[in-house]
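The values are calculated or read from the model by the stated rules, or taken from the named source; none is laboratory data. Since we're looking at a predicted model, the values are computed, not measured. Here Cβ is always computed from backbone atoms with ideal geometry, including for glycine, and neighbour counts include all displayed protein chains. Side chains included, ligands, DNA and RNA excluded: accessible areas come from the protein's heavy atoms. Shrake-Rupley method; radii C 1.70, N 1.55, O 1.52, S 1.80 Å.
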Amino acid sequence: IPIKKSIVKDIETVPYPTITPIPWIESVHDRGSVEIFRGCNRGCRFCSAGFIYRPVRERSMETIIHLVDEILRHSGYSDISLTSLSSGDYTNIVPLVTELLSRYKDKHIFISLPSLRMDSFSVELAEMISSLKKTGFTFAPEAATQRLRNVINKTITDKDIWDSITAVLRMGWRTLKFYFMIGLPTERVEDIEAIVEMVKGVNMTAKQITKKKININLTISPFIPKTHTPFQWREQAPPEYIKEMEMYIFNKLRSNRNIKIGRRDKNLSLMEGVISRGDRRLSKLIYTAWRLGAKFDSWTENFDIQKWMKAFELTSLEPSFYTRKRPYTEILPWDHIDSGLRKEFLIEEDEKAENGVTTPDCRAGKCIDCGVCPAFGTYLQLKGEFYE
């Protein structure tokens with residue numbers, strides 16, 4: 001029996017918590033937050049959230065402002081985060097931020113915009129928030145070449161990237177964070193080399209603009225195929241390849257002391273890949289690993305790959321079975337879960353990826369026939385006009 005996902009058809013009318021517990025100690029996200037919209041139709045082919053949470057449903061400016069008022073009144077927070085999968089894509093983002101800044105300009109309230117995309121980032125928006133306190137500014141190109149960005153449907157250009165970097169440097173940011181993925185489908189050596197060249201280019205651009213070094217935080221994450229995405233059939237790169245590419249990047253940039261490189265444990269990524277596309281037999285594997293002492297594994301100091309390898313041995317399972325490339329004809333363990341996406345659409349997207357063909361955002365006006373809206377009787381809900 002198919003299991004159909006639940007979906008909120010209209011988030012405008014859904015109750016939102018404005019009175020929340022206030023911790024006695026400082027928390028990681030020590031601020032109030034308002035979800036300004038749900039879903040993302042950009043279609044990055046690796047992104048589970050972007051496909052599972054379709055379609056985009058926005059809250060109105062009036063509702064958002066009311067929620068911000070209520071949270072500040074009940075909490076005493078001085079920071080408010082406007083959250084979503086891509087906050088800069090909110091169709092009325094500039095009027096919204098303008099109104100909030102004006103409303104709270106005498107109360108020293110800081111408005112943060114996480115998840116800004118480099119292509120949705122506007123100079124006007126940057127100028128608006130540049131007068132506020134400047135923590136790190138985050139960019140997520142994911143891939144450093146246009147060819148590979150087309151493969152993953154990250155539809156930003158080199159010009160978008162460099163225009164955005166230049167803008168934030170001129171407006172005073174001195175810590176830039178960059179996120180890249182390695183092991184992506186069709187990846188080549190030149191794609192890895194381009195990451196190094198882009199980071200070096202940022203360093204040079206910063207020196208020209210600021211006349212001094214800035215802090216660059218580079219995070220490298222292995223690509224992990226996820227269910228209900230066009231890449232759910234793709235092979236996951238083995239830990240040996242991930243380690244080799246990470247060391248190449250590290251060795252090329254290690255002489256730059258202002259560049260900090262964060263790397264994810266390659267074996268932890270292996271286990272994430274196994275579990276993310278696993279079947280019912282993994283319940284026995286997980287239980288066996290727990291019996292062997294595998295606990296709190298997301299804390300790197302507790303993770304021990306040897307315990308998991310022993311569990312694989314005891315359950316007669318192989319990690320490579322779960323990280324392998326799969327044919328379109330294979331019955332997948334999650335096929336009984338209905339996310340609203342047509343499997344034919346996901347296959348078409350995977351084939352387009354192989355040829356470097358991009359798919360536009362359906363908010364631009366053309367339905368791409370992914371299947372979600374008719375499957376759930378829902379529709380795009382934009383509160384303004386969407387611009388590519």
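Before moving on, here are some points about what is shown:
- Surrounding net charge for R59, when Lys and Arg each add one and Asp and Glu each subtract one, Cβ distance under 13 Å: -2
- With a cut-off of 13 Å between beta carbons, the residues surrounding G293 carry a summed charge of +2, where Lys and Arg count +1 and Asp and Glu -1.
- The string of couplings for region 159-168 from the Karplus curve (6.51, -1.76, 1.60, θ = phi - 60°) is 5, 4, 4, 6, 5, 5, 4, 4, 4, 6 Hz, one whole number per residue in order, with x for Gly and Pro.
- Per residue, the solvent-accessible area of the chain (1.4 Å probe, heavy atoms of protein chains only, all protein chains present) comes to 50 Å².
- In this label model, L314 and R342 are separated by 4.7 nm, measuring between points 7 Å along each Cα→Cβ vector.
- In the chain, the DSSP-assigned H stretches of four residues or longer account for a calculated mean residue ellipticity at 222 nm of -11500 deg cm²/dmol, using -39500 (n - 2.57) per stretch and the full residue count as denominator.
- Extension gain for the segment K207 to I261, taken as residue separation times 0.36 nm less the Cα-Cα distance, is 17.5 nm to one decimal.
- Among K200, K159, K260, the largest mean-square fluctuation in a Gaussian network model of the chain, built with springs joining Cα atoms closer than 10 Å, belongs to K159.
- For the options N153, N256, N92, a Gaussian network treatment of the chain with springs between C-alpha atoms closer than 10 Å singles out N256 as fluctuating the most.
- 17 Å tail of the calculated P(r), region 289-367, as % of Cα pairs: 68
- Karplus-derived HN-Hα couplings along region 205-216 (A = 6.51, B = -1.76, C = 1.60, θ = phi - 60°), whole Hz, x at Gly and Pro: 4, 4, 5, 5, 7, 9, 6, 7, 6, 10, 8, 10
- Subtracting the Cα-Cα distance of S78 and Y379 from 0.36 nm times their residue separation leaves 104.8 nm of extension gain.
- Across region 144-151, coupling constants 3J(HN,Hα) worked out from phi with the 6.51/-1.76/1.60 Karplus curve, θ = phi - 60°, read 9, 10, 5, 4, 6, 5, 5, 4 Hz, and Gly and Pro carry x.
- The amide H of N153, built 1.01 Å from its N in the peptide plane, has R45 as neighbours under 5 Å, considering only residues 5 or more places off or on other chains.
- GNM result for the chain, Cα springs below 10 Å: residue of E313, E354, E35 fluctuating most strongly: E313
- Each part gets one Cα centre, and for region 305-338 versus region 200-214 those centres are 45 Å apart.
- Charge sum, other residues only, whose C-beta stays under 13 Å from A194's C-beta, Lys/Arg counted +1 and Asp/Glu -1: -2
- Considering only alpha-carbon pairs that sit under 8 angstrom and 6 or more positions apart, the relative contact order computed for the chain is 20 percent.
- Simple spin-label estimate for T20 and D163 in nanometres, 7 Å along Cα-Cβ: 3.4
- Accessible surface of the chain, 1.4 Å probe, proportion on carbon and sulfur as whole %: 53
- Built amide H within the under 5 Å cut-off of I337, gap 5+: I3
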